[in-house]
Amino acid sequence: MSQPTVPQTFRAIDVIRKKRDGAELSRAEIEGLVSAYTKGEIPDYQVSAWLMAVVLKGMTRPETAALTDAMLHSGDVLDLSSLAPKKVDKHSTGGVGDKTSLVLAPLVAAAGVAVPMISGRGLGHTGGTLDKLESIPGFNVNLSVAEFCRVLEICGCAMIGQTAEIAPADRKLYALRDVTGTVESPYLICASIMSKKLAEGIDALVLDVKTGSGAFMKSEKDAAFLAELMVETGERMGKQVVALITDMDQPLGNMIGNALEVVEVVEVLRGGGPEDLRELCLELTGWMLHLGGVSNTVAEGKQQGAKLISSGKALQRFQQMVELQGGDPRVIDDPKRLPQAQYNMQVPSLKAGYLTSMQCEQIGTACVILGGGRERKEDSVDPAVGIVLHKKVGDRVAAGEPIATIHYNAEAKAARARQLIEASCLVSDAPPAAKRPLIHRVIGKSGENN
Ligand code: URA
């Protein structure tokens, strides 16, 4: 006699247990979990447990594909085919002081490639593009799809967050991962990034996969694994994708903290700014323009980018985007209009020598402690606080010379941040043996022969 069939109803607890025990989840189980969470039918604590099981047990390729697809289809997928230029975006896996998106969107748009950018908030010790943009008084990262498309049509770039309409599953999962120690999984990072990016209606994507002490993927091997996972996912969906493995063993640029980073973005768009930040922005621009079909080679794209900065066109485009998204465009000429912390404090070097390393994750954590990031989901960020670095790895430093300045609004938080920064900066008698490259390697079929 055949067994009666048991009706299959979705139960979060079964999916959590199955992943905890290391078994492979079916597409239906993953879709069930993502859909129930997006609709608010299962609580944060169950999804947190499932996320932790994924961090510990990993995911197979079919599971990763199912998760990406479920997150992508949790909302609308934009059709931007009516826009004439190619649509190209860039996304970073997260770093400290990484403000390249704010430079790239207007710069690449000024070259004639459209940049529809859906970004995230701060995650763990890393900063988030949305929090940086929101430090500009009035800037609205919550545009409707119609408004997003309007801004894109007018100025060639628009920058928003995951919404109730686009990638809503990532919006909820991202906020939960931020505060539950569940960021550091290549499978979750891949699904989070690729679901947002594939929802944007892009033709091509440049990924900036960070490696080093301030990255989620500390070793180059782990960064390459994540890069390959994302490139494979994008190519499966018919997109041109290239991933640059770039260095995050020390913060990028000198400023860390939301409003401070906007100041540095404006410096770069004016043709100044720190060398490492400028160099990475131009390299990523070169790739975006090359994949966007407006330059024959990456090198030519870099040159075009440099010209658009020196002519002032990229900065004008940034100002236009800020205004179209409701932000105060006067901050570009007068950065004092950005939120300013009440106090600042220097962190002097305890000895003379060379700055040989920085524990970059701890520097990012120091900024979170100051209030520049979140420790709980419901926390709001303080846009004004942050850290300005006066030294980079390899620089000489005298005893008592400031390595950093902390911008703060609360004494106790500043004291904790100072301890972390002091413990993170290693000053030695001899300079570091070798300089780490800014670009480690390039991954992806679209990256061959350029
Ligand atoms: N950026 C994202 O959008 N998601 C992640 O999980 C990590 C970095």
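So the values come out like this:
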{"read-out": "Some residue of the range 251-261 being open to solvent by less than 40 Å² (accessible area, probe 1.4 Å), within 14 Å of the ligand (Cβ to nearest atom) and not hydrophobic (A, V, I, L, M, F, W, C)", "value": "no"}
{"read-out": "Qualifying residues in the range 175-184 (those that are surrounded by fewer than 22 Cβ atoms within 10 Å (Cβ to Cβ) and over 13 Å from the mean Cα position of the chain (by Cα)) - the one nearest to the ligand (Cβ to nearest atom)", "value": "Glu184"}
{"read-out": "Selection within the range 121-147 - part of a helix (DSSP H, G or I), away from the ligand (no atom under 14 Å from the Cβ) and free of Cβ contacts under 8 Å to residues at least 40 places away in the same chain", "value": "Ala146, Glu147"}
{"read-out": "Some residue of the range 92-108 being surrounded by fewer than 24 Cβ atoms within 10 Å (Cβ to Cβ), away from the ligand (no atom under 12 Å from the Cβ) and small (Gly, Ala, Ser)", "value": "no"}
{"read-out": "Single condition Glu232 does not satisfy, out of (1) surrounded by fewer than 24 Cβ atoms within 10 Å (Cβ to Cβ); (2) on the phi > 0 side of the Ramachandran plot", "value": "(2)"}
{"read-out": "Members of the range 192-216 found to be open to solvent by less than 10 Å² (accessible area, probe 1.4 Å) and within 8 Å of the ligand (Cβ to nearest atom), listed by number", "value": "Ser192, Ile193, Lys196"}
{"read-out": "Evaluation of Arg330 against (1) in a helix (DSSP H, G or I); (2) in contact with a strand residue (DSSP E or B) (Cβ under 9 Å, 6 or more places away or on another chain) (one fails), failing number", "value": "(2)"}
{"read-out": "Top-ranked residue of the range 417-445 - restricted to ones that are assigned to a helix (DSSP H, G or I) and over 16 Å from Gln346 (Cβ atoms), ranked as modelled with the highest pLDDT", "value": "Ala423"}
{"read-out": "One residue from Glu279, Glu235 being modelled with pLDDT under 95, over 14 Å from the mean Cα position of the chain (by Cα) and not in a strand (DSSP E or B)", "value": "Glu235"}
{"read-out": "Scope the range 364-385; condition of a type in the set (S, T, N, Q) and not in a loop (DSSP other than H, G, I, E, B); matching residues", "value": "Thr365"}
{"read-out": "Residue check for Leu80: out of contact with any Cys (no Cβ under 6 Å at 6 or more places or on another chain), within 13 Å of the ligand (Cβ to nearest atom) and either of a type in the set (Asp, Glu) or modelled with pLDDT under 95 (or both)", "value": "no"}
{"read-out": "Pairs where the first residue, in the range 94-111, is outside the structural domain of Met358 (by TED's automatic domain parsing) and the second is away from the ligand (no atom under 16 Å from the Cβ) and basic (Lys, Arg), C-beta under 6 Å, 6+ apart", "value": "Pro106/Arg317; Ala109/Arg317; Ala110/Lys313; Ala110/Arg317"}
{"read-out": "Single residue of Val263, Val242, Val294 found to be assigned to a loop (DSSP other than H, G, I, E, B), out of contact with any Leu (no Cβ under 6 Å at 6 or more places or on another chain) and hydrophobic (A, V, I, L, M, F, W, C)", "value": "Val294"}
{"read-out": "Residue list for the range 161-174, restricted to those being within 11 Å of the ligand (Cβ to nearest atom) and either assigned to a loop (DSSP other than H, G, I, E, B) or open to solvent by 10 Å² or more (accessible area, probe 1.4 Å) (or both)", "value": "Gln162, Ala167, Arg171, Leu173, Tyr174"}
{"read-out": "Among the candidates Gly312, Gly293, Gly286, residue that is among the small types (Gly, Ala, Ser) and in contact with a Ser or Thr (Cβ under 8 Å, 6 or more places away or on another chain)", "value": "Gly286"}
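The values are calculated or read from the model by the stated rules, or taken from the named source; none is laboratory data. Worth saying up front: this structure is predicted, and the values here are computed from it rather than measured. Ideal geometry is used to build each Cβ from the backbone, glycine not excepted, and the neighbour counts take in all protein chains shown. In case anyone asks, the SASA skips ligands and DNA or RNA and just uses the protein heavy atoms, side chains included. Shrake-Rupley method; radii C 1.70, N 1.55, O 1.52, S 1.80 Å.
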